[in-house]
Amino acid sequence: MNFAKQVVIYGLGSAISRLAVIFLVPLYTRAFTMKEYGQLEVLLGLYTLVTLLGGLQSESALARDYFDAKATGSTRRLTWGAASISICGAFLTLLAIFLIQWTPFVPFEIDRYLPLLAIMAFFSQILGVQLVVLRFSGSPVIFALLSLLDLSLTAIFSIFLVVHLDWGISGALAAILAAKMVCVVIISPRTLPKPGRLPSRRLIARMLSYGVPAMPAVILNWFQTNGNRIILALFLTLADVAVAAVAIKVAALYMVIVFSFRMAWEPYSFSKISEHKSNPEFFNAAFQWYVLIMLAIACVTVSVSPIIVYILAPREYSGAISLVAFFVMSQFWAGAGSILSIGIHGARVTSRLTHVYLAGALVNVGALALSATDLGTLASGIGALFGALASAWVSYFISERCYGTGFSRRLLLVTSLTTVAFAFACDFAYAYLREPGADLAEDMTLYICMGVAGGALVALVAMMGLEPGRFKGMRLELISMARCRVGEK
């Protein structure tokens, strides 16, 4: 199956699984007060952190060595090695949470939810290992169907527990847990068959030696993404967290597309690492295509975001409209970082990922700490965008130094400046040019103007960011690929 088809199918699968949090926003924003919804978002941010800590990056180690194990017929032992690491890590995390629960230092009155978060994280991590197996074994359709099941069950359980039984925040969390448990049980016969020979200590040690050095980077990346809401809650109110969370959920529509690209790009790019010396322009060409295509989609997402905010939440959440562009562009740079960091993986220096995400986390947290009091929720968007930019630039420098990937600095610089300018322009337009209390129809002209501005942004990047003649060359490549496809049919 070619790369384009994998992006489409993985896009469907990742969209289905990740759109659950978007589809449930109308339920959450209407069933909970703004403070309660803000508290739920803090808990969901912690849930992702607990999942990362318990997994010890076992799924990354599985992904890195899957093709080598397939060549030697040892994929079953490798998979069970990843599952064993996840089980042990989850047990230690659960033990730590039970100890933390009895301390007086747990903020936001969330101590009673912590054990539930640990159990949720365990099943999420096991499901994560199973999804890696499906991706790398060439089963994208099953990946998509499993994601559909996850979404459907989460929605059904949420409606039953939150609306019918009125379990509140506990019901929202329990619904996620129940859906993950069912998915793990159903897919286990295919992804976790009987291990035969148990994974050796040497195998476990090798997987840990790959995954554990990346843990600091992953945790720092969490601070840059999901941790954003928790840090914001430290400086502002839970109601402010709720407004920012709605903006993040709207941006998640674009994140689904970025995530689907990353799902297909990771195995594809790993298979191309050994060919880099014979084709040194491959990764730079991929970056150029990514910028033009994904930036155009990002601008479309921003232009329709006010409509989505009106659909997802009541009028008191309208402040989220001016934040969406920052979070969308931060997701754009997160996807670009997956390309720009390929040299780190190629050189097998995953510890350098710590530098990548440390830069992003410091910029993100620093922006929040310095500007949250004065700028309010806007500080969360600024921190997210500039943190993602910092990570992308550090990835670029390290990849160039360690592996000579040949990425275009000119394109990187032009795209950085234009995405930042567009995000601030959207904030100014939606925060200051909108009439207070105006409905969607009255603001439609403004939204159309911002959509046109987004199109101009993409054109500017194409003209100024690409080397002379490169845009024409890319157009000819696209025509050639289309003709080849017609010829095959």
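The table below gives the values:
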read-out	value
Wholly enclosed helices (runs of 4 or more DSSP H) of region 309-385 bearing at least 2 residues within 23 Å of L234 (Cβ to Cβ)	324-340, 353-375
Of all residues in region 79-106 being open to solvent by less than 60 Å² (accessible area, probe 1.4 Å) and modelled with pLDDT under 80, the one that is nearest to G128 (Cα to Cα)	A90
Scope region 384-432; condition in contact (Cβ under 8 Å) with a residue 24 or more places away in the chain, hydroxyl-bearing (S, T, Y) and over 20 Å from Q288 (Cβ atoms); matching residues	Y430
Complete set of residues in region 310-325 that are among the hydrophobic types (A, V, I, L, M, F, W, C) and more than 18 Å from C449 (Cα to Cα)	I311, L312, A313, A320
Test result for A242, buried (at least 23 other Cβ atoms within 10 Å of the Cβ) and in contact with a Pro (Cβ under 8 Å, 6 or more places away or on another chain)	no
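Residue-by-condition table, conditions (1) open to solvent by less than 60 Å² (accessible area, probe 1.4 Å); (2) modelled with pLDDT of 80 or more:
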position: A4; (1), (2): no, no
position: L19; (1), (2): yes, no
position: P26; (1), (2): yes, yes
position: G45; (1), (2): yes, yes
position: L49; (1), (2): yes, yes
position: L52; (1), (2): yes, yes
position: A69; (1), (2): yes, no
position: G73; (1), (2): no, no
position: R77; (1), (2): no, yes
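Let's see how each residue does on (1) touching a residue at least 60 places away in the same chain (Cβ under 8 Å); (2) within 21 Å of Y113 (Cα to Cα); (3) open to solvent by 20 Å² or more (accessible area, probe 1.4 Å); (4) part of a helix (DSSP H, G or I):
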residue: F143; (1), (2), (3), (4): yes, no, no, yes
residue: T154; (1), (2), (3), (4): yes, yes, no, yes
residue: F160; (1), (2), (3), (4): no, yes, yes, yes
residue: V163; (1), (2), (3), (4): yes, yes, yes, yes
residue: A175; (1), (2), (3), (4): no, yes, no, yes
residue: A178; (1), (2), (3), (4): no, yes, yes, yes
residue: M181; (1), (2), (3), (4): no, yes, yes, yes
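The values are calculated or read from the model by the stated rules, or taken from the named source; none is laboratory data. Predicted, not measured: the structure shown is a model, and the values here were computed from it. Methodologically, a virtual Cβ is constructed for each residue, glycine included, from the backbone with ideal geometry; neighbour enumeration extends over all protein chains shown. Ligands, DNA and RNA are stripped out before the accessible areas are found, and what is left, the full protein with its side chains, is counted by its heavy atoms. Shrake-Rupley method; radii C 1.70, N 1.55, O 1.52, S 1.80 Å.
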